[in-house]
Amino acid sequence: QELIDKIAAGEVVQRPSAAVKELIENCLDAGSSEISVGLVQGGLKQLIVEDNGSGIHKDDFPLLCERFATSKINEFNDLQSLVSFGFRGEALASISFVSNLKITSRKPNSDLGYKASFKNGVMLGEEPEAVNCTEGTTVDVQDLFFNYDARRKSLNVNEEKKRVLKLIGQFAMHHAKLRFKFKSDNQIQFSSHSVLGSTELQRREQIMQQITKIADKSFTSCESESTEYQVKFKGTFSNIGATKKYKEITLFINNRLVECESIKKAVERSYQSCYQSIHEEEGGYFCYLSLEMNPKNLDPNVHPTKKEVKFLFEYEIAKEIESWIFENLKN
Ligand code: ADP
Ligand code: MG
């Protein structure tokens, strides 16, 4: 049974960046405004995610790593209209099967915080220990995959660091008003703490500039809507010729970071058409795109570890996006 649990856990949390994604989504669910992530050795030695969110009640500690225990869903119907990110109650449980996990948390308005360690889905000790700590939650994952040699050996420290850096940038773009920080081996790799813009849009453009080092005024932002397909679009796109280096598209659908091949292709085609129209063969792009659609149109039955999404009117929406981006980039 232990082996089965371990393998199942390794499916949900395939690598450090997957753990970071789950943990950041928990911070967002907890309403945090500041989230910081720290790695030691690409997250294999240690991976810490800290937030200033709503915290965890003492009584809830024993349940945190129980599989399918989640505070976020009551009825199956909720699935359809789900606004929060996690709904499987599997992330912390899975992590506890393949690491040494410690959680510290203090609820705002509470004098004391609590701390406990977890192993194989259960809390160690009778009760969490009372501690002094700052408001919010810290999840400390040590020795990830210590009992899963094959996985550990297949991972490369630098590659993991790069993936996490990219991921934090993606969350920072989408949640431009929140403050993210990322440290690796104690060096700051990214921080949106110094971003000054007051509107979300200004801040997003500044964050994208900070990530790409693309020059000022090299991004175009726009919004649109299709009532026919029940979808709203919003995006920030690098201008034609602004970059050669990047070919990256970040896509959020209903506030979830996802992959969608048809949308990606649509964005690529818009850029290709633009580059062709000025007789340039090839060029780069760095795009942020966010779609809001009727949750009923999204297919919720996609396997939890798959980021690829399916939805109604996918082909039509992709077409809309293609011409929408083309029109906006051309100017
Ligand atoms: P899920 O997010 O799907 O509910 P998780 O395993 O990710 O499952 O988390 C289990 C539970 O732990 C959550 O439902 C939530 O109640 C609590 N939790 C986890 N992380 C945090 C956090 N950063 N702040 C507050 N509560 C948290
Ligand atoms: Mg979660």
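The values are calculated or read from the model by the stated rules, or taken from the named source; none is laboratory data. Since the structure is predicted, the reported quantities are computational estimates derived from the model, not experimental observations. When we count neighbours, we look across all protein chains shown, and the Cβ atoms used for this are built from the backbone with ideal geometry, even at glycine.
Does Y285 meet the test of being surrounded by fewer than 19 Cβ atoms within 10 Å (Cβ to Cβ), of a type in the set (F, W, Y) and outside the structural domain of L23 (by TED's automatic domain parsing)? It is false that Y285 is surrounded by fewer than 19 Cβ atoms within 10 Å (Cβ to Cβ), of a type in the set (F, W, Y) and outside the structural domain of L23 (by TED's automatic domain parsing). Within the range 270-324, being of a type in the set (K, R) and modelled with pLDDT under 95 holds for K296, K306, K307, K310. Suppose the filter is crowded, with 23+ Cβ neighbours inside 10 Å, more than 19 Å from V40 (Cβ to Cβ), of a type in the set (S, T, N, Q) and in contact with a strand residue (DSSP E or B) (Cβ under 8 Å, 6 or more places away or on another chain); does S94 pass it? Judged against the criteria, S94 is not a match. Residues in the range 1-15 that are in contact (Cβ under 8 Å) with a residue 24 or more places away in the chain and either among the polar types (S, T, N, Q) or part of a helix (DSSP H, G or I) (or both): E2, D5, K6, A8, A9, G10, E11, V12, Q14.
Taken over the range 170-192, the criterion of being closer than 20 Å to T236 by Cβ and either assigned to a helix (DSSP H, G or I) or over 16 Å from the mean Cα position of the chain (by Cα) (or both) is satisfied by Q170, F171, A172, M173, H174. The test for being within 19 Å of the chain's Cα centre (by Cα), buried (at least 23 other Cβ atoms within 10 Å of the Cβ) and within 16 Å of ligand 2 (Cβ to nearest atom) holds for L47. Residues in the range 22-50 that are touching a Gly at 6+ places or on another chain (Cβ under 9 Å) and within 11 Å of ligand 1 (Cβ to nearest atom): E22, E25, N26, C27, L28, D29, A30, G31, S32, I35, V49, E50.
So, in the range 212-231, how many residues would count as being hydroxyl-bearing (S, T, Y), part of a strand (DSSP E or B) and more than 21 Å from E314 (Cβ to Cβ)? The number of residues fulfilling the criteria is 2.
With respect to the conditions (1) surrounded by 16 or more Cβ atoms within 10 Å (Cβ to Cβ); (2) over 25 Å from I168 (Cβ atoms), S224 falls short on a single one, namely (1). When the residues of the range 51-96 are filtered to those that are at pLDDT 90 or above and in contact with a Gly (Cβ under 7 Å, 6 or more places away or on another chain), which remaining residue is nearest to ligand 2 (Cβ to nearest atom)? Ranking the candidates gives A93 first. Within the range 16-49, restricting attention to residues that are touching a helix residue (DSSP H, G or I) at 6+ places or on another chain (Cβ under 8 Å) and assigned to a strand (DSSP E or B), the residue that is nearest to H193 (Cα to Cα) is I35.
Just a yes or no: is a residue in the range 5-21 more than 30 Å from D185 (Cα to Cα), more than 9 Å from ligand 1 (Cβ to nearest atom) and modelled with pLDDT under 95? For the range 5-21, residues more than 30 Å from D185 (Cα to Cα), more than 9 Å from ligand 1 (Cβ to nearest atom) and modelled with pLDDT under 95: present.
Would you check if L112 is assigned by TED's automatic domain parsing to the domain that holds S17, farther than 27 Å from Y148 by Cβ, of a type in the set (A, V, I, L, M, F, W, C) and surrounded by fewer than 16 Cβ atoms within 10 Å (Cβ to Cβ)? So L112 fits the description; yes.
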